[in-house]
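S.K.: Below are the structure tokens for one structure; questions will follow.
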Amino acid sequence: MKKAWSILPEEWREILISASVRPFRAEQILHSLYRDWIEDWDMATTLPKDLREKLKEEFPITKALVKAVAKSGDGTEKLLVGFEDGEAVETVLIPARDRFTQCISTQVGCAMGCVFCASGSRGVVRSLKADEIVAQYMLARKRGEITNIVVMGMGEPFANYDETLRALKLLNAGKGPNIGARHITISTCGVVPGFEKLASEGFQFELSVSLHAPNDKLRSELMPVNKRWPINELVEACKNYTLKTKRIITFEYTLIKGVNDSRAQAEELARLVKRVPMAKVNLIPLSPVEHRPDFKTPDEKTLLMFLDVLMKANIQTMLRRSRGKDAAAACGQLRLREREKL
Ligand code: SAH
């Protein structure tokens, strides 16, 4: 049984033809799903009743619900989205002057085990299906018109490659939600085989790579994935990706006090980033997490020093400000809190 929110527009035609339904119904189905935003096939009143019954049985619309909302003073909203089996993921809505960004999850928990990240602190429960990734958008869009999507919620997208890409293709489809590919960012901790696969898709999605350390010794301590795909292999994959796609790669670097925030480390990072053509850097001050009270956010002076070193090395760098802290919007924390309440 396939779920309606996992079927790409071009696939509906094929499905109907093979079921001997006239193909013009595909347009009506797509209109119902992505212009009328139906949540139940009974609402698709342009379709004949027998077709609606068939769709209900064979291509049901995913049941997902908002189980909790946490609002932050800066306008950020975090939703806990529950699925049919009772599992839940987080999605965060981040309003800004010129855009409305949604951060979506691809897995319940995460297997990557980055030591500073709450999502991975209890391992992975399961991967989401494409329709469950799309469902997060479907629930969020009722709260405002979403212009941008970042795959930076719970989970490692390249560890759930096929379902994630299917969901993003659907969100991007002109006859679907129609979110521009350049407004969709995939973030990976560095699962190298994913780079080549993504480059061969021919999509214009943006790619971010979570780096967080300028050398293998420290990166392996912070991110176990580095033992499998160390920095040299990662840089090689990034180079090939940029050469093939002509697209920029953004390196994410979460700054942790006394761990990866020294001047020498900034200089080492600058040298590393220069090995990749068309790369830029996002610096993100750590959001403190309960399971690692020893990890702290660097002070303002250190953040600016680190930024300055990269800028002077002619690297395009942004210092991001963490949003939604008072909504426990930082990385995996709402789900953990909700579980602790049970
Ligand atoms: N697995 C993917 C996407 C999810 S994490 C990846 O690793 O890129 C999204 C981003 O949040 C990553 O850059 C991740 O390293 C970062 N992150 C995780 N925990 C954090 C924390 N406590 N403070 C700041 N950034 C964090």
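The values are calculated or read from the model by the stated rules, or taken from the named source; none is laboratory data. Remember, predicted model here, so these are calculated numbers, not experimental data. When we count neighbours, we look across all protein chains shown, and the Cβ atoms used for this are built from the backbone with ideal geometry, even at glycine. Side chains are part of the model used for accessible areas, which takes the heavy atoms of the whole protein and leaves out ligands, DNA and RNA. Shrake-Rupley method; radii C 1.70, N 1.55, O 1.52, S 1.80 Å.
S.K.: With every protein chain left in place and a probe of 1.4 Å, what is the accessible surface of residue 312, to the nearest 10 Å²?
M.R.: The value for residue 312 is about 150 Å².
S.K.: Here's another thing I want to ask about it. Could you pull out the pairs from 129/246; 67/129; 169/280; 257/312 whose alpha carbons sit more than 27 Å apart here? Mind dumping the intermediate values first?
M.R.: Numbers: 129/246 30 Å; 67/129 19 Å; 169/280 25 Å; 257/312 22 Å.
Among 129/246; 67/129; 169/280; 257/312, the Cα-Cα distance tops 27 Å for 129/246.
S.K.: Same structure again: Roughly how many Å² is the accessible area per residue of segment 4-58, as a whole number, for a 1.4 Å probe? Walk me through the numbers on the way to the answer.
M.R.: Details: 3050 Å² over 55 residues.
For segment 4-58, the solvent-accessible area averages 55 Å² per residue.
S.K.: Next question, about the same structure. Quick one: angle between helix 263-274 and the longest Cα principal axis of the chain, in degrees between 0 and 90, rounded to 10, please.
M.R.: Once rounded, one gets 50 degrees.
S.K.: Fully extended, how many nm does the chain gain between residue 65 and residue 35 (0.36 nm per residue separation, minus their Cα-Cα distance)? Show your work: numbers first, answer last.
M.R.: Values: separation 30, 0.36 × 30 = 10.80 nm, distance 2.02 nm.
In short, 8.8 nm is gained.
S.K.: Can you pull out the GluC sites (Glu not before Pro) in segment 170-226 whose DSSP state is coil and whose Cβ has at most 10 other Cβ atoms within 10 Å? Intermediate values should be presented prior to the final figure.
M.R.: Values: sites: 196, 201, 206, 221; in loops: none.
Within segment 170-226, no GluC sites (Glu not before Pro) qualify (loop, at most 10 other Cβ atoms within 10 Å).
S.K.: Shifting gears a bit: Can you show me the helix-derived [θ] at 222 nm for the chain, built from DSSP H runs with n ≥ 4 at -39,500 (n - 2.57) apiece and divided by the number of residues, rounded to the nearest 500.
M.R.: On the way: 12 runs with 122 residues, N = 342.
Taking each H run of at least 4 residues, the total per residue is -10500 deg cm²/dmol.
S.K.: With +1 on the Cβ of every Lys and Arg and -1 on the Cβ of every Asp and Glu, and nothing else charged, how large is the dipole of segment 15-54 about its Cα centre, in debye rounded to the nearest 20? Spell out each step's value before the answer.
M.R.: Values: 6 positive and 7 negative charges, 46 e Å.
Roughly 220 debye, rounded to the nearest 20.
S.K.: Shifting gears a bit: Restrict the search to segment 1-45; then list the chymotrypsin sites (Phe, Trp or Tyr not before Pro) that DSSP places in a loop and that have at most 16 other Cβ atoms within 10 Å of their Cβ.
M.R.: On the way: sites: 5, 12, 24, 34, 37, 41; in loops: 24, 37.
Listed in order of number, the matching sites are 24, 37.
S.K.: Please work out the Cα convex hull volume for segment 112-234 and give it in Å³ per residue.
M.R.: Working: hull volume 14.1 nm³, N = 123.
Normalising the Cα hull of segment 112-234 by residue number yields 114 Å³.
S.K.: If the cut-off is 13 Å between C-alpha atoms, which aspartates and glutamates fall inside it for residue 175, apart from same-chain ones fewer than 8 positions away?
M.R.: 10, 11, 27, 36
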